[in-house]
1. Determine the shape class of region 9-140: with a ≥ b ≥ c the square roots of the Cα gyration tensor eigenvalues, call it rounded for a/c under 1.5, and otherwise prolate if a/b is greater than b/c, oblate otherwise.
2. Which value, in debye to the nearest 20, gives the size of the charge dipole of region 30-140 about its Cα centre, when Lys and Arg are +1 and Asp and Glu are -1 at the Cβ?
3. Just want to confirm a number: the relative contact order over region 32-140, from Cα pairs under 8 angstrom separated by 6+ residues, in percent.
4. Taking a ≥ b ≥ c as the square roots of the eigenvalues of the Cα gyration tensor of region 20-84, is the shape rounded (a/c under 1.5), prolate (a/b larger than b/c) or oblate?
5. So what's the back-of-envelope 222 nm ellipticity for the chain, counting only DSSP H runs of four-plus at -39500 (n - 2.57) apiece and dividing by all residues, rounded to 500?
6. Counting only protein heavy atoms, what percent of the accessible surface of the chain is carbon or sulfur at a 1.4 Å probe?
7. Mind listing the long-range amide H neighbours of Tyr71? Cut-off is under 5 Å, sequence gap 5 or more, other chains count too, H placed in the peptide plane at 1.01 Å from N.
8. In Å², what does the accessible area per residue of the chain work out to with a 1.4 Å probe?
Amino acid sequence: MDLTQPDDLTSLVLRTDFSSEAAWETLQAEIDGSGNYRNVTFVSDSSFTDVSVQALVDADAAADDDDKLCYVFLADATTMTAEEHPLLAVDLYAEPGRTFRVPPRWYANVSNNLVIANMHFSEFANATDESNTYYGFGDG
């Protein structure tokens, strides 16, 4: 399995649940509206259906250095069915496999800071609530 490289200075949002085209379109619209600099590369490839976090970690670990990713956002079954459509952010670099949820309205905040390495994945993961969801720093 090859992970798609995102466009320059964007984050990869990888669709892993194909149960609802309408939910996917809604999610994309929500992300597109999440900020002035939402920086996203959407990937909807059915070969990633229900892919596990561990499979993504393994695929990234096996990739050539130039093809490695630091993180990825998954549009999984929870994303497609939960009211807030929270993406699953996955660390592929510092703590491979560490995850947290991020609703689309916070996507740009997380993505922009990760893209330019202004903040580390762990800083967002450590700022999650009891449900492991990031709602900003103190803005719950």
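The values are calculated or read from the model by the stated rules, or taken from the named source; none is laboratory data. Note that this is a predicted model, so its numbers are computed, not measured. All Cβ positions, glycine included, derive from the backbone under ideal geometry; neighbour counts span all protein chains shown. Keep in mind that these areas ignore ligands, DNA and RNA; they rest on the heavy atoms of the full protein, side chains included. Shrake-Rupley method; radii C 1.70, N 1.55, O 1.52, S 1.80 Å.
1. Rounded.
2. My answer is approximately 280 debye.
3. 24
4. Judged from the Cα gyration tensor, region 20-84 comes out oblate (a/c at least 1.5, b/c at or above a/b).
5. Helix-only estimate at 222 nm: -9000 deg cm²/dmol.
6. 44
7. Hits under the 5 Å cutoff: Leu92.
8. 51
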